[in-house]
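Okay, so here's the structure we're looking at.
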Amino acid sequence: MDSLDSFASDKLAALDAQALRRRLKETERGPKAAAARDGRAMVSFSCNDYLGLSHHPRVVAAARVALEIHGAGSGGSRLVTGNYPVIGRLEERLAAHKGKEAALVFGSGYLANLGVAPALVGSRDLILLDELSHSCMWAGAKLSGATILTFRHNECDDLRAKLAAARGRHPRALVMTERVFSMDGDLAPMADILSVAADHDAWTLVDDAHGLGLAEDGPHAPLEMGTLSKSLGSYGGYLCASRAVIDLLICRARSFVYTTGLPPASAAAALEALTILEEEPDRRARPILLARRFTQRLGLPRAESAVVPVIVGDARRALDLSASLEAEGFLVVAIRPPTVPPGTARLRVAFSAAHSEAQVDALAEAIARHRDG
Ligand SMILES: *Cc1c(COP(=O)(O)O)cnc(C)c1O
């Protein structure tokens with residue numbers, strides 16, 4: 001074996017030993033939260049398709065029409081020839097939805113987060129990051145070259161103390177957090193965060209990947225990013241902000257400038273999904289109602305969003321629990337370090353408007369049986 005392959009094999013063996021190796025499993029997905037593995041039908045509680053819009057007939061039809069007119073790919077960076085009119089229409093609608101002057105669509109939410117922070121702050125500046133922030137917020141923060149300090153999860157006093165101590169040494173400061181935390185499902189105290197940030201003339205970037213359409217109450221940050229691939233059921237990312245900020249990002253966000261524009265069919269699907277999301281308040285309310293039904297049945301803290309963690313602790317136990325549920329037809333992914341802190345391996349249960357009450361009750365019953373049995 002050459003040194004490259006032996007390096008990879010050794011690393012994999014170490015991951016195996018800690019139950020931290022990850023493997024791809026072929027999974028089909030259908031309407032109504034249906035999934036299939038190895039030809040077996042399952043109910044998925046692992047998708048971020050919170051509103052069940054990825055298979056909505058109107059969303060699929062919008063994508064199909066765009067595909068037939070514009071083709072499969074956009075053909076270039078949006079600054080060259082990849083800027084289809086449907087992307088502009090989507091940006092106008094996203095900006096209006098968030099009450100902002102403008103929006104910019106990126107290739108994905110990950111790419112949006114890689115692009116925003118480095119375009120706004122640099123090596124002389126300061127970033128304050130909630131310690132549980134998503135991996136792509138960390139990646140964007142590091143790419144900026146700014147000094148990064150973390151504050152304790154959702155603790156505004158810690159944020160205030162750290163800003164007070166460090167702000168004076170840096171020309172600009174950026175606070176980064178998530179509106180709905182992706183692995184815990186809890187909500188950031190946005191009003192307090194925005195007021196602490198404003199007191200120190202720090203800008204705030206909030207990641208709304210799991211909030212769009214579901215948990216959007218409360219004040220908006222000056223920089224609101226998110227994804228088209230969760231509640232909108234499509235693919236892509238966005239930032240909503242002032243016209244000046246968006247115009248600067250068009251020039252300066254490298255993950256926007258140097259990459260191919262979003263395929264027009266993805267933008268058309270997201271645009272139709274946003275229309276449905278705005279038309280149907282009952283659909284938007286349903287995932288959280290189902291999540292609360294679930295937390296009540298299991299005696300867990302009341303759900304604040306469509307995401308509920310069932311903390312198990314040990315990585316191997318989380319995998320075993322997930323496998324037992326899979327054997328009963330429930331797809332519930334085990335989340336292990338480094339996605340979550342060591343010792344907090346968990347099942348991450350994601351609720352969708354497409355689930356039935358009976359499916360939720362059956363899952364709660366199965367988890368209770370395995371957890372307590
Ligand atoms: C999923 C997710 C992203 C990335 O969005 P993609 O469009 O999937 O790249 C960013 N931030 C958070 C919090 C997420 O959960």
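The values are calculated or read from the model by the stated rules, or taken from the named source; none is laboratory data. Because the structure is predicted, anything quoted here is derived from the model rather than measured. With ideal geometry, Cβ positions are generated from the backbone for all residues, glycine too; neighbour counts draw on all protein chains shown. Ligands, DNA and RNA are stripped out before the accessible areas are found, and what is left, the full protein with its side chains, is counted by its heavy atoms. Shrake-Rupley method; radii C 1.70, N 1.55, O 1.52, S 1.80 Å.
SER234 falls short on exactly one of the conditions (1) within 26 Å of THR81 (Cβ to Cβ); (2) of a type in the set (Ser, Thr, Tyr); (3) surrounded by fewer than 23 Cβ atoms within 10 Å (Cβ to Cβ), and that condition is (3).
Residues being aliphatic (A, V, I, L, M) and closer than 19 Å to ALA34 by Cα are entirely absent from the range 296-305.
The residues of the range 99-125 that are within 16 Å of the ligand (Cβ to nearest atom) and polar (S, T, N, Q), listed by number, are SER108, ASN113. Regarding the range 137-145, can at least one residue be identified that is more than 14 Å from the ligand (Cβ to nearest atom), within 17 Å of VAL257 (Cβ to Cβ) and at pLDDT 95 or above? Yes, because at least one residue in the range 137-145 is more than 14 Å from the ligand (Cβ to nearest atom), within 17 Å of VAL257 (Cβ to Cβ) and at pLDDT 95 or above. Among the residues examined, TYR238 qualifies as of a type outside the set (Asp, Glu) and within 15 Å of the ligand (Cβ to nearest atom).
Residue-by-condition table, conditions (1) more than 16 Å from the ligand (Cβ to nearest atom); (2) among the aliphatic types (A, V, I, L, M); (3) more than 25 Å from ASP361 (Cβ to Cβ); (4) assigned by TED's automatic domain parsing to the domain that holds ALA327:
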| position | (1), (2), (3), (4) |
| --- | --- |
| ARG29 | no, no, no, yes |
| GLY39 | yes, no, yes, yes |
| MET42 | yes, yes, no, yes |
| SER46 | no, no, no, yes |
| ALA62 | yes, yes, yes, no |
| VAL65 | yes, yes, yes, no |
| ARG78 | yes, no, yes, no |
| VAL86 | yes, yes, yes, no |
| HIS97 | yes, no, yes, no |
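Do we find that ALA209 is more than 11 Å from the ligand (Cβ to nearest atom) and open to solvent by 10 Å² or more (accessible area, probe 1.4 Å) in this structure?
Working: more than 11 Å from the ligand (Cβ to nearest atom): no; open to solvent by 10 Å² or more (accessible area, probe 1.4 Å): yes.
No.
Given the residues ALA191, ALA165, ALA161, which is the only one that is open to solvent by 40 Å² or more (accessible area, probe 1.4 Å), of a type in the set (A, V, I, L, M), in contact with a Gly (Cβ under 8 Å, 6 or more places away or on another chain) and not assigned by TED's automatic domain parsing to the domain that holds VAL333? Spell out how you get there, then give the answer.
Working: ALA165 fails: in contact with a Gly (Cβ under 8 Å, 6 or more places away or on another chain); ALA161 fails: in contact with a Gly (Cβ under 8 Å, 6 or more places away or on another chain).
It is ALA191.
In the range 11-24, the qualifying residues are those that are without any contact (Cβ under 8 Å) to a residue 24 or more places away in the chain and surrounded by 10 or more Cβ atoms within 10 Å (Cβ to Cβ), and the one that is nearest to VAL59 (Cα to Cα) is ARG21. Checking the stated criteria, ALA173 turns out to be more than 24 Å from TYR50 (Cβ to Cβ) and more than 14 Å from the chain's Cα centre (by Cα). Can you say whether LEU132 is within 16 Å of the ligand (Cβ to nearest atom), surrounded by fewer than 23 Cβ atoms within 10 Å (Cβ to Cβ) and closer than 27 Å to HIS200 by Cα, as far as the supplied structure shows? Yes.
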